[in-house]
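Reviewing the structure listed below.
The values are calculated or read from the model by the stated rules, or taken from the named source; none is laboratory data. Computed from a predicted structure; not experimentally measured. Quick reminder, even Gly has a Cβ in these numbers, built from the backbone with ideal geometry, and neighbours come from all protein chains shown. Side chains are part of the model used for accessible areas, which takes the heavy atoms of the whole protein and leaves out ligands, DNA and RNA. Shrake-Rupley method; radii C 1.70, N 1.55, O 1.52, S 1.80 Å.
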Amino acid sequence: MLVMTIESSCDETSVALIEDGKRILANAVASQIPIHRRYGGVVPELASRNHIRDIHQVLNEALDTAGLTLQDVEGIGVTAGPGLVGSLLVGIETARALAFALDKPCVGLNHLEGHLTAVLLEGDRVQNPTFPYLGLIVSGGHTDLYVVRGLGDYELLGRTRDDAAGEAFDKVAKMLGQPYPGGVAIDRLASTGNPKALDFPRPMWTRKNLDFSFSGLKTAVAQHLDAHGIPEGQALSDLCASFQEAIVDVLLMKALTACKAHNLTRLVLSGGVACNSRLRTRAAQDCNAQNVELFVAPPTLCTDNAAMLGPIAEHYLRQEGSTHFVGHAIRAQSNMPLGQTERAPARTHR
Ligand SMILES: Nc1ncnc2c1ncn2[C@@H]1O[C@H](COP(=O)(O)OP(=O)(O)OP(=O)(O)O)[C@@H](O)[C@H]1O
Ligand SMILES: [Mg+2]
């Protein structure tokens, strides 16, 4: 099946064309990072306006790259949540208008489910993970641990009780006067720093509970800055490396504890923070030591993009067993439970 997927939940406008739920024919992404950088974070109103400005161009770019036309598209998948409602609406209305005009089925998808299953796309790996696997989503808004038993079959084991790991990276970077998105800046500075220079806390360091907490760690950095000022040069790199190490330690301890507790031998890292170079290196080492196979998508599929919706779009479009869905209109949902989809009626059913 040739599926078009559309993502606009935050500050990336993206359209992809995916064959059989795994082959990426195109994955066009227009990032708004330069627009939001001057404000130190995403401004929702600006994000939705820029999605409207960019969506047609991104859509045409995807079709051009794949050498296809709209008539070739057999189904459409679009992010319906979670995300910024004004941003989500741009992708949803684009998808619904296309589905209506082309008389093709359309399904509203969960953004987090996309992160969790992006690793099933064909890429540079020798092989993709088989089910079941442990999925750790580490993104700007989420730090969640799931058992993934199959597409649409997930069990939540733990999640952050306050800030997400990506949010902690972004907020600490802001305190240090570094540009948005902070994770990228801290990763770069930390590469020349000593991770043992400062002893930051490892919040919720217990194997009895798989939840996370990062706001205390952020406060510990703030208190350090209050006492010593914003460091420069090597001291700045050391602080970044020490802060990053605290996050990586907690993420991997909890993920590998969960693998052991649930007899899982495969770990999948996903979401923007999975781009972090220290997390990738340490995950490879720790997984190797504990006989767990590690799978991480390439960085372009970890941050927000439409291609990551390919496996679930194909799954839900096929599951319906019909080319025409009957159902209520797709709604934008700022919060959306994992595994939930939204279906749009095809033209013939109106
Ligand atoms: N190299 C890196 N190291 C650490 N963090 C990173 C790196 N690259 C990106 N990030 C972080 O990833 C986050 C963005 O990831 P992503 O696009 O998946 O989040 P989001 O879509 O905003 O949130 P969600 O998916 O939870 O809705 C930002 O917090 C950013 O700082
Ligand atoms: Mg995301």
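Whole number in Å², please: accessible area per residue of the chain, 1.4 Å probe, ligands, DNA and RNA not counted.
41
At most 12 other Cβ atoms within 10 Å and a DSSP loop assignment: could you name the trypsin sites (Lys or Arg not before Pro) in region 111-210 that fit?
When the trypsin sites (Lys or Arg not before Pro) of region 111-210 are filtered for loop state and at most 12 Cβ neighbours within 10 Å, LYS196, ARG207, LYS208 remain.
Multiply the residue separation of ARG149 and ARG53 by 0.36 nm, subtract the distance between their alpha-carbon atoms, and state the gained length in nm to one decimal. All intermediate terms of the calculation are to be shown ahead of the outcome.
Working: separation 96, 0.36 × 96 = 34.56 nm, distance 3.89 nm.
Difference between extended and current length: 30.7 nm.
Rounded to the nearest 500, what is the chain's calculated 222 nm mean residue ellipticity when only DSSP H runs of at least 4 contribute -39500 (n - 2.57) each, over all residues?
Roughly -13000 deg cm²/dmol at 222 nm, from the helical runs in the chain.
Just to confirm my numbers, what's the Cα centroid distance between region 150-213 and region 250-294 in Å?
Cα centres, region 150-213 to region 250-294: 14 Å.
Nearest 10 degrees is fine. How inclined is helix 44-66 to the longest principal axis of the chain, computing both from alpha carbons?
60
Within region 1-29, what residues put their amide N at less than 19 Å from the label point 7 Å along the Cα-to-Cβ vector of LEU46?
Output list for this probe position: 8-14.
Using a 1.4 angstrom probe with every protein chain in place, what is the largest-first accessible-area order of ASP64, ASP153, ASP304?
On the way: ASP64 120, ASP153 70, ASP304 30 Å².
So, going from the largest accessible area down, we get ASP64, ASP153, ASP304.
Nearest 10 degrees is fine. How inclined is helix 233-261 to the longest principal axis of the chain, computing both from alpha carbons?
With both axes taken from Cα atoms, the answer is about 60 degrees.
At most 13 other C-beta atoms within 10 Å and a DSSP loop state: those are the exposed chymotrypsin sites (Phe, Trp or Tyr not before Pro) I care about. Give me the longest piece of the chain that has none. Present the calculation step by step, with values, prior to reporting the outcome.
Details: sites that count: TYR39, TRP205.
Free of exposed loop sites, the longest segment is 40-204.
Which angle between 0 and 90 degrees, to the nearest 10, do you get for helix 165-175 versus the longest principal axis of the chain when only C-alpha atoms count?
Helix 165-175 sits at roughly 60 degrees to that axis.
Can you send over the carbon and sulfur percentage of the accessible area for the chain, probe radius 1.4 Å, protein chains only? Walk me through the intermediate numbers first.
Numbers: 7220 of 14350 Å².
Carbon with sulfur: 50 percent of the solvent-accessible area.
Positive end of the charge dipole of the chain (Lys, Arg +1 and Asp, Glu -1 on Cβ, about the Cα centre): tell me which of GLY141, LEU63, ALA97 has its Cα farthest that way.
So the residue furthest toward the plus end is GLY141.
Treat every Asp and Glu Cβ in region 127-297 as -1 and every Lys and Arg Cβ as +1, leave all other atoms uncharged, and give the resulting dipole magnitude about the Cα centre to the nearest 20 debye.
On the way: 17 positive and 17 negative charges, 69 e Å.
The dipole magnitude comes to about 320 debye.
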